[in-house]
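*Asks:* This is the structure I want to talk about, given as structure tokens.
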Amino acid sequence: LNTLDKTMTTIVFDGIILAADSQRNRTHDSDSFEGQHCRECSAPVKRTAGFVEKLFVPKKKTMFLGERIIALASYGSVAITSGLKDAILTGIDPEEASRIYASFSASGRVFRSGGVLILTKNHLWQAYLGQEGYELTGITKFPHVVGSGSPYARTALEFVSPCAIEAVAVASHFDRATGGDIRSITRKKGAEVKITKVTQGMLDELKLRG
């Protein structure tokens, strides 16, 4: 697995729809559920009550590299992704986000890695921050998948449906670090930019279309 596949989530962009799970996980917990460990540090993983919103739509017009941001999707350490999102939304050069990681390390706390997918009108960018530093990558090949559920999501995209929502749904059945309600955002001309909570009825309708 590569670094992005180690994060405990599943996020998929199929070229039109950006979808993510909402399960909250934590590591280093003694009563973790059996058989699941962090693929980065091998610590036990525990599902926690509630959910974490991994998709975000800016309330006001925000630009990134000359294009308006439609949505952000975060994965990995919440502390790191919060810092990255703030840097992106306030117009700070994201490369300065490396200072965020340095300040965390100086505090003596352990923060491994985190990233933010930046969906704009015509592009998808991936801002990543970890021990190896900061990296910004332009994504040109779709579908694009991030997280521990990636193997299942990629298989679903190839053999079940090309839809990001269905790919996350399949991953949630097989990856214990993926779960909770699925959220989605559509990048399509004329479509309202909002976060949609995917219902079972919506999933059933997608299956019928498939």
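*Asks:* Which of the residues belonging to segment 153-169 are hydroxyl-bearing (Ser, Thr, Tyr) and closer than 21 Å to GLY114 by Cα? Working first, answer last.
*Replies:* Let us first name the residues in segment 153-169 that are hydroxyl-bearing (Ser, Thr, Tyr), namely 155, 161.
Correct list: empty.
*Asks:* Any chance you could count how many residues in segment 172-202 are more than 27 Å from ASN122 (Cα to Cα) and either open to solvent by less than 60 Å² (accessible area, probe 1.4 Å) or of a type outside the set (Ser, Thr, Tyr) (or both)?
*Replies:* Step one: of segment 172-202, the residues more than 27 Å from ASN122 (Cα to Cα) are 172-181, 199-201.
Checking which are either open to solvent by less than 60 Å² (accessible area, probe 1.4 Å) or of a type outside the set (Ser, Thr, Tyr) (or both) leaves us with 172-181, 200-201.
So the answer is 12.
*Asks:* Which of (1) under 25 Å from SER82 (Cβ atoms); (2) in contact with a strand residue (DSSP E or B) (Cβ under 8 Å, 6 or more places away or on another chain) does PHE142 not meet, given it meets every other one?
*Replies:* Going through (1) under 25 Å from SER82 (Cβ atoms); (2) in contact with a strand residue (DSSP E or B) (Cβ under 8 Å, 6 or more places away or on another chain) one by one, PHE142 breaks only (1).
*Asks:* Consider ASP31 carefully, then state whether it is modelled with pLDDT of 95 or more and open to solvent by 20 Å² or more (accessible area, probe 1.4 Å).
*Replies:* No.
*Asks:* Only one residue in VAL170, VAL193 is touching a residue at least 12 places away in the same chain (Cβ under 8 Å) and under 27 Å from LYS59 (Cα atoms). Which one? Please lay out each step first, then the result.
*Replies:* Numbers: VAL170 fails: under 27 Å from LYS59 (Cα atoms).
The conditions single out VAL193.
*Asks:* Next question. Test of understanding: among GLY115, GLY130, which residue is at pLDDT below 80 and surrounded by 14 or more Cβ atoms within 10 Å (Cβ to Cβ)?
*Replies:* Working: GLY115 fails: at pLDDT below 80.
Within the list GLY115, GLY130, the selection yields GLY130.
*Asks:* Could you please find all residues in segment 64-73 being open to solvent by less than 90 Å² (accessible area, probe 1.4 Å) and not in a loop (DSSP other than H, G, I, E, B)?
*Replies:* Initially, segment 64-73 is screened for residues open to solvent by less than 90 Å² (accessible area, probe 1.4 Å), giving 64, 66-67, 69-73.
Those that are open to solvent by less than 90 Å² (accessible area, probe 1.4 Å) and not in a loop (DSSP other than H, G, I, E, B): PHE64, GLU67, ILE69, ILE70, ALA71, LEU72, ALA73.
For every residue, the table says whether it meets (1) open to solvent by less than 10 Å² (accessible area, probe 1.4 Å); (2) modelled with pLDDT under 85; (3) touching a helix residue (DSSP H, G or I) at 6+ places or on another chain (Cβ under 6 Å).
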{"residue": "ILE17", "(1), (2), (3)": "no, no, yes"}
{"residue": "ARG47", "(1), (2), (3)": "no, yes, no"}
{"residue": "LYS54", "(1), (2), (3)": "no, no, no"}
{"residue": "THR62", "(1), (2), (3)": "no, no, yes"}
{"residue": "TYR75", "(1), (2), (3)": "yes, no, no"}
{"residue": "PRO94", "(1), (2), (3)": "no, yes, yes"}
{"residue": "SER107", "(1), (2), (3)": "no, yes, no"}
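The values are calculated or read from the model by the stated rules, or taken from the named source; none is laboratory data. Please read these numbers as outputs of a predicted model, since none were measured by experiment. Here the Cβ is made from the backbone with ideal geometry for all residues, glycine too, and neighbour counts use every protein chain on show. Accessible surface areas use protein heavy atoms only, side chains included; no ligands, DNA or RNA. Shrake-Rupley method; radii C 1.70, N 1.55, O 1.52, S 1.80 Å.
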